[in-house]
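Colleague: So that we are looking at the same thing, I have put the structure below in structure tokens.
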Amino acid sequence: MRLLRSSAIVGLFTSASRVLGLVREMLLAAALGAGATTDVFLTAFQFPNLFRRIFAEGAFNSAFVPLYAGKLEGDGPSEAQIFARQVLSLLFTCMLIFVILAQIAMPWLMYLLGPGFVEDPQTFELAVLLTQITMPYLLMMSLSAMLSGILNSHGKFAAAAAAPVLLNLTLIGIMLFSGAGGEEMALYLSVGITVSGVMQTAWLWFSARQLGVRLGLRLPKLTPDTRRLIVLGVPGAVAAGVTQINILVTSSIATLEEGARSWLYYADRLYQFPLGVVGIAMGVVLLPTLSGRLRSGDVTGAANVMNRGLEVSMALTLPAAAALAVIPHFIVTALYQNGAFTADAAEKVSMAVIAFAAGLPAFVLIKVLSPGFFARQDTMTPMRYAAISVAVNLVLGLALFFGPLNFLGLAIATTVAGWVNAILLAITLHKRGLLQPDARLLSRFPRIVGAVLLMSAFLAVAARYTDWLTAHTFGLPLIALVLVCGAGAAVFGIAAMLTGALRISELRDALKRP
């Protein structure tokens, strides 16, 4: 119940961020559509944003949280703060150097990030400029990740989960009030990304001080503790960020087809919503919980936590994946088709949504299973599996992209790579005794699947009447979409309750204070 309650806190603020992010994408689609300028801006945004997701959404915490929590519980708050200051100084210095070097080398890096921009000098120069502007966001997100790890270690999840809201509010404000368009809008948005990074870091710094944590920069030193962090953190970052690395590879290839980068991005944003609400929230909460159980030698308790994490995450993920697979065109047209976003672009995005929907459960499983390794300070095993996944994504993506599937092949490759990674993680955890499905999980999972199938049938029928619904809801497809999805969620909830996949008493207990 504590796991579900803590996950709900993270999920609530993550949901707020994702809802605002969806509003941001709707405004972006209307303002820029899906073309060359959008491709350039998304490339400039994705490179630093990749590191935000790798650091802030679990990877940095996979190494830092167990070490910081160990100091906090074993040596006391003062020693934990000394360790935090050492890490802050080293992290700030390394990331500052990396950002400066990346900005200097950006004209050459762009050959890897956006090979499709090379043929047009003006587009190439714009891509280089915008990416240089957004690079400081990487530095700010690295610091924010560390501050989030400190707050999470103290059981304070809300402030860290709420920080990304500032990014979306900043970009939404720019699109609503700037009055710009085209390349000028892309320039304003790039500046807004960096400004929002400063705001997020300041917010988390203040939250840590409110908690009594006093941090400051010192001359960076490689102490035994910081060396241990590096040994754990580098492979952990690769492992936890594998989905984002796969997307970066896919996006770079997609720049070779005009518009494909944008089509995949808009589709990616749709499945990122449930991934953030469920997978990332569950992973953030599972790590300190599993670490505590394993430090106390309670392997049985840790296995129980893992089972409940799988149960809750699949109960929330499978309905979302089903909705994306069954009514993708309705979702895309209701959210994006407006202004510069054409019907042809909506069709292309819908195709990618179906491919990504098949991989959504795998992407969530990666987030849920990875803490089982990180809690034991094993980051090498997930990194090896991540490397295999990236190789599968690259080889399969290139084969399908230059075949008859074009951009759709890239989405399919990302999904296949996700399942390869999730299966390898699950098999290894099972062999180590941490993933042992209990009677409750084995009993409830088929019931969850049954409830999802009923919901899918309802959505398939409802999709036939979307035009009628739109006409009778003030002509607004977004209202019709909310009604259909709300009714679909109700069908799933009722079916889940009737079959015993979910129980009201458990939800009620989860809302009670411990």
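The values are calculated or read from the model by the stated rules, or taken from the named source; none is laboratory data. Predicted model, so just to flag it, every value in this text is computed and none were measured. Methodologically, a virtual Cβ is constructed for each residue, glycine included, from the backbone with ideal geometry; neighbour enumeration extends over all protein chains shown. Heavy atoms of the whole protein, side chains included, go into the accessibility calculation; ligands, DNA and RNA do not. Shrake-Rupley method; radii C 1.70, N 1.55, O 1.52, S 1.80 Å.
Residue by residue, here is whether (1) over 18 Å from Arg261 (Cα atoms); (2) under 17 Å from the mean Cα position of the chain (by Cα) holds:
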| site | (1), (2) |
| --- | --- |
| Ala325 | yes, no |
| Phe330 | yes, no |
| Val349 | no, no |
| Ala352 | no, no |
| Ala362 | yes, yes |
| Ile366 | yes, yes |
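Colleague: Within the stretch 386-402, is even one residue buried (at least 20 other Cβ atoms within 10 Å of the Cβ), touching a Pro at 6+ places or on another chain (Cβ under 9 Å) and assigned to a helix (DSSP H, G or I)?
Modeller: Yes; the residues of the stretch 386-402 include at least one that is buried (at least 20 other Cβ atoms within 10 Å of the Cβ), touching a Pro at 6+ places or on another chain (Cβ under 9 Å) and assigned to a helix (DSSP H, G or I).
Colleague: Right, next: Starting from residues that are open to solvent by 80 Å² or more (accessible area, probe 1.4 Å) and not in a helix (DSSP H, G or I), keep the ones in the stretch 74-122 and report whichever is farthest from Thr226 (Cα to Cα).
Modeller: Applying the filter and picking the extreme gives Glu119.
Colleague: Testing Gly433 on (1) open to solvent by less than 80 Å² (accessible area, probe 1.4 Å); (2) in a helix (DSSP H, G or I); (3) not hydrophobic (A, V, I, L, M, F, W, C), one condition comes back false. Which one is that?
Modeller: Among (1) open to solvent by less than 80 Å² (accessible area, probe 1.4 Å); (2) in a helix (DSSP H, G or I); (3) not hydrophobic (A, V, I, L, M, F, W, C), Gly433 violates only (2).
Colleague: Tell me yes or no: at least one residue of the stretch 127-135 is under 20 Å from the mean Cα position of the chain (by Cα) and surrounded by 17 or more Cβ atoms within 10 Å (Cβ to Cβ).
Modeller: Yes, because at least one residue in the stretch 127-135 is under 20 Å from the mean Cα position of the chain (by Cα) and surrounded by 17 or more Cβ atoms within 10 Å (Cβ to Cβ).
Colleague: Quick one: which of Ala267, Ala281 is within 18 Å of the chain's Cα centre (by Cα), surrounded by 23 or more Cβ atoms within 10 Å (Cβ to Cβ), modelled with pLDDT of 75 or more and part of a helix (DSSP H, G or I)?
Modeller: Ala267
Colleague: For the stretch 363-395, how many residues meet the condition of being of a type in the set (S, T, N, Q) and under 24 Å from Phe407 (Cβ atoms)?
Modeller: 2
Colleague: Okay, moving on. Quick one: which of Phe98, Phe83 is farther than 20 Å from Ile193 by Cβ, touching a helix residue (DSSP H, G or I) at 6+ places or on another chain (Cβ under 8 Å) and aromatic (Phe, Trp, Tyr)?
Modeller: The unique qualifying residue is Phe83.
Colleague: Then there's this: Which of the following residues is of a type outside the set (D, E, K, R), assigned to a helix (DSSP H, G or I) and open to solvent by 70 Å² or more (accessible area, probe 1.4 Å): Leu453, Leu459?
Modeller: Unique residue meeting the criteria: Leu453.
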